[in-house]
1. Starting from 0 in steps of 10 Å, tell me what percent of the Cα-Cα pairs of the chain lands in each bin.
2. Under 13 Å Cα-Cα from residue 50, which aspartates and glutamates qualify once same-chain neighbours fewer than 8 residues away are excluded?
3. Which of the aspartates and glutamates could be linked to residue 23 by a straight reach, that is with a Cα gap under 18 Å, when you skip same-chain ones fewer than 8 residues away?
4. Given contacts defined as C-alpha pairs under 8 Å and at least six residues apart, what's the relative contact order of the chain, whole-number percent?
5. Using a 1.4 angstrom probe and counting only protein chains, how large is the accessible area of residue 27 in Å², to 10?
Amino acid sequence: MAKPDNREDNVPHLQEAIQNTLKKQHDTEDYLEEFADEIPVSEKETLLAKNERRQAAIEKFRSEVKDEAHSD
């Protein structure tokens, strides 16, 4: 038997995901600021691309939070 769809805690989980992703994004920016001259260009590019994906994820999470708020 399938579990019922309990969406009551979706928004808190999404908000936590947003906060965690923002922290990782800021940590990466801080790392790049401090060590940009010491790391290879390929690593910089990898980290910048990762942050772009994080930003896209944050936008999707926020969109889901809005959807969840409207579905109540």
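1. 18, 36, 23, 15, 7, 1
2. The reachable aspartates and glutamates, counting only those whose Cα sits under 13 Å from residue 50, are 27, 29.
3. 33, 34, 52, 59
4. 55
5. 70
The values are calculated or read from the model by the stated rules, or taken from the named source; none is laboratory data. Just so it is clear, the model here is predicted, and its values are computed rather than measured. For the accessible areas, the whole protein counts, side chains as well, though only heavy atoms, and no ligand, DNA or RNA atoms are used. Shrake-Rupley method; radii C 1.70, N 1.55, O 1.52, S 1.80 Å.
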